[in-house]
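Everything on this sheet refers to the single structure shown next.
The values are calculated or read from the model by the stated rules, or taken from the named source; none is laboratory data. What you see is a predicted model; the values in this text were computed from it and never measured. Note that each Cβ is placed from the backbone with ideal geometry, even for glycine, and that neighbours are counted across all protein chains shown.
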Amino acid sequence: MPTLITDDGTGLAFEETGSGIPVVFVHEFAGDMRSWEPQVRHFSRRYRCITFNARGFPPSDVPDDTGAYSQDRARDDILAVLDGLDVERAHVVGLSMGGFATLHFGLACPDRARSIVVAGVGYGAEPEQRERFRNEADTTSEFLRARGMAAFADAYSLGPTRVQFQNKDPRGWREFADMLAEHSAAGSAHTQQGIQKRRPSVFDLADAMKALAVPTLIVTGDEDWPCLVPSVFMKRAIPSAGLLVLPNTGHTINLEEPCAFNAALADFFAQIDAGRWPLRDPRAVSESITGMK
């Protein structure tokens, strides 16, 4: 599998499929580049689809130092993929951990993003959840190191925002859980400690998001409980954002509801490529419910 080398010497495995306007897919903590298969099969008919494994997720390198993992590194690794493949601008689609990285990429490198899709973002973001989330990152890391990837996958794949996927699509969920079990326990533990635990809350990014003009689509499932309030917050903060909420849906949105997810992205990309995705009309923001003064 081809590999790109980042500025700190970490190799990132990647795949390209199709041709046209580039679309980069950035996976979640429990996924890898294979998690985007329903999207690559759909969009590679018209777009140049690029997937890659984050650092810590073989066959990408697994640096043996938690200091090599951070939210800034995750953001910069997206840029390294674009630079390494000579992509000037791309639609960037991220889920969960990948969605956080995509949001930060849009904020830091707006000239390199045709658009961003921020899906399943919000875990640990609410102020009252911050300490609990950090503690859970420590617990997760300890579990991974003590009991290994297979035991972790058995537990993590049945979390409160994953059972929706299992109920709807047992075969798809089983494939997801089996692929999760193939990940690196060390890489996953470093990711929990270096990225998940230490990343800033989206609530801390309010001022930066208010200045974001890159077309943005925020996507959440209505049973992805940790992401509901943060998704609404991002919609309110980002003047270029639309919000899509999928009913009776958990965290693994792109696999759980691939048809709805693909249709939403296809419409989003089409509007952007036609120059028709709007910035919010200032008149839509008012303290008055009716607009009457």
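Numbers below:
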item: Unmet criterion (only one of (1) within 20 Å of D32 (Cβ to Cβ); (2) crowded, with 17+ Cβ neighbours inside 10 Å; (3) not hydrophobic (A, V, I, L, M, F, W, C)) for P239; result: (1)
item: Matching residues, the stretch 55-72, being aromatic (F, W, Y) and over 10 Å from I195 (Cα atoms); result: F57
item: Residue within the stretch 117-124 that is within 26 Å of D77 (Cα to Cα), at pLDDT below 95 and either surrounded by fewer than 15 Cβ atoms within 10 Å (Cβ to Cβ) or of a type in the set (D, E, K, R) (or both) present; result: no
item: Where a residue in the stretch 202-231 is in contact (Cβ under 8 Å) with a residue 60 or more places away in the chain and its partner, wherever it lies, is in a helix (DSSP H, G or I) and of a type in the set (D, E, K, R), with Cβ under 8 Å and at least six apart; result: I218/K235; G221/E256
item: Considering residues of the stretch 14-30 that are among the β-branched types (V, I, T) and within 16 Å of the chain's Cα centre (by Cα) only, the residue farthest from G122 (Cα to Cα); result: V23
item: Among residues of the stretch 194-205, those that are buried (at least 17 other Cβ atoms within 10 Å of the Cβ) and either of a type in the set (K, R) or under 26 Å from D154 (Cβ atoms) (or both), counted; result: 5
item: Hey, G98 over 15 Å from L205 (Cα atoms) and touching a Cys at 6+ places or on another chain (Cβ under 8 Å) or not; result: no
item: Hey, L180 in contact (Cβ under 8 Å) with a residue 60 or more places away in the chain and under 18 Å from R75 (Cα atoms) or not; result: no
item: Failed item, numbered, when F133 is tested on (1) in a loop (DSSP other than H, G, I, E, B); (2) over 19 Å from H183 (Cβ atoms); (3) modelled with pLDDT under 95; (4) not small (G, A, S); result: (1)
item: Wholly enclosed helices (runs of 4 or more DSSP H) of the stretch 147-255 bearing at least 2 residues under 17 Å from Y123 (Cβ atoms); result: 163-168, 185-191, 225-237
item: Residues of the stretch 92-116 that turn out to be surrounded by fewer than 23 Cβ atoms within 10 Å (Cβ to Cβ) and within 11 Å of V26 (Cα to Cα), as a count; result: 0
item: V23 vs. criteria among the aliphatic types (A, V, I, L, M), closer than 27 Å to G250 by Cα and crowded, with 17+ Cβ neighbours inside 10 Å; result: yes
